[in-house]
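See below for the structure under consideration.
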Amino acid sequence: MSEEPAAGLVRVRLDLAYDGAAFSGWAKQRTRRTVQGELESAIATVLRLPEPVELTVAGRTDAGVHARGQVAHVDLPAEAWAEESGRLRRRLAGRLPWDVRVWQVAEAPAGFDARFSAIWRRYAYRISDHPAGVDPLLRGHVLWHDRPLDVEAMNEAAQLLLGEHDFAAYCKKREGATTIRTLLDVHWERTADGLAVATVRADAFCHNMVRALVGAMILVGDGHRPVPFPGEVLAGRVRHSAVNVVRPHGLTLEEVGYPPPADLAARSRAARNLRTLPCTR
């Protein structure tokens, strides 16, 4: 996708949410149901477009992962946008399945790219360590852990993960992709209903990163490993056999952050560069 839409097209930002339980992730697949596939089909149908559209998303969530604050963009024919912009959100609501909603549809500012203009993504992972299990009404969004979790110990461990690092030990490798990321915030808190909730915010995430980080911190929380363990795994830069990638249903993409409109294009260009750590530049 180019930084700017081609002649005759208008770049449109979509703010959306979905329950990931019945999706094989965000990215379109030929034989599986995906969020991207449902949205692209719905947009093309309601706008009566002769050619398929292609969405670019802020964060490509895995199968079973939910989103409350996902952001995407699509380049639409200017004529179709002018004719349907005022009612596109309502028409999509009537066409989309129950488990995906588009909350806002608007023309994007110049330089906007849903993926490359983003400066951070914020996820939440929700766990119940109640001995009786998870509230049945929350079971699709909360992981049950069968041992008590020490949130204070997990917060101590979380502080050792902050900053710019090579997160290879917590990522599923992809050919040609960097695993260097800047972790801006990691913290745990107890909610009023007793859940242990992790907030994880970074400039970007690699595949399985949040779920692997949570898996490592759970080992500290339930006493299986000491506080320094997640940081030691990070420093090792290789996957550790004790660290499980926790199940996807506890994870939700909560919010995506963008810079002021004047900085969107510059951020988009900078984010396309392959990252290295300072000592290797």
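The values are calculated or read from the model by the stated rules, or taken from the named source; none is laboratory data. Values in this document were obtained by computation on a predicted structure and should not be read as measured data. Every residue, glycine as well, gets a Cβ built from its backbone with ideal geometry; the counts of neighbours run over all protein chains shown.
Just a few scattered comments:
- Candidates are the residues of the range 1-32 that are touching a Ser or Thr at 6+ places or on another chain (Cβ under 6 Å) and of a type in the set (Lys, Arg); the one that is farthest from residue 117 (Cα to Cα) is 32.
- Filtered residues of the range 152-208 (kept if among the hydroxyl-bearing types (Ser, Thr, Tyr), modelled with pLDDT of 95 or more and in contact with a helix residue (DSSP H, G or I) (Cβ under 7 Å, 6 or more places away or on another chain)): 170
- Criterion applied to 233, 220, 246, 227 was being aliphatic (A, V, I, L, M), in a helix (DSSP H, G or I), in contact with a helix residue (DSSP H, G or I) (Cβ under 8 Å, 6 or more places away or on another chain) and under 19 Å from residue 151 (Cα atoms), and the one residue passing it is 220.
- Under the condition of being within 29 Å of residue 126 (Cβ to Cβ) and of a type outside the set (Gly, Ala, Ser), the residues counted in the range 62-78 number 7.
- Residue count, the range 90-137 (criterion: part of a helix (DSSP H, G or I) and either touching a residue at least 40 places away in the same chain (Cβ under 8 Å) or under 30 Å from residue 76 (Cα atoms) (or both)): 6
- Any hit, the range 264-275, residues being out of contact with any helix residue (DSSP H, G or I) (no Cβ under 7 Å at 6 or more places or on another chain), at pLDDT 95 or above and farther than 30 Å from residue 107 by Cβ: no
- Residue check for residue 207: in contact (Cβ under 8 Å) with a residue 12 or more places away in the chain, in a loop (DSSP other than H, G, I, E, B) and surrounded by fewer than 20 Cβ atoms within 10 Å (Cβ to Cβ): yes
- Any hit, the range 3-18, residues being hydrophobic (A, V, I, L, M, F, W, C), under 26 Å from residue 204 (Cβ atoms) and without any contact (Cβ under 8 Å) to a residue 40 or more places away in the chain: no
- The number of residues in the range 180-197 being out of contact with any Ser or Thr (no Cβ under 7 Å at 6 or more places or on another chain), surrounded by 15 or more Cβ atoms within 10 Å (Cβ to Cβ) and more than 22 Å from residue 238 (Cα to Cα) comes to 2.
- Which listed residue, of 42, 58, 78, is modelled with pLDDT of 95 or more, of a type outside the set (Lys, Arg) and surrounded by fewer than 17 Cβ atoms within 10 Å (Cβ to Cβ): 78
- Scanning the range 178-202 for residues that are touching a Leu at 6+ places or on another chain (Cβ under 7 Å) and either within 20 Å of residue 69 (Cβ to Cβ) or in a loop (DSSP other than H, G, I, E, B) (or both) yields 178, 183, 186, 200, 201, 202.
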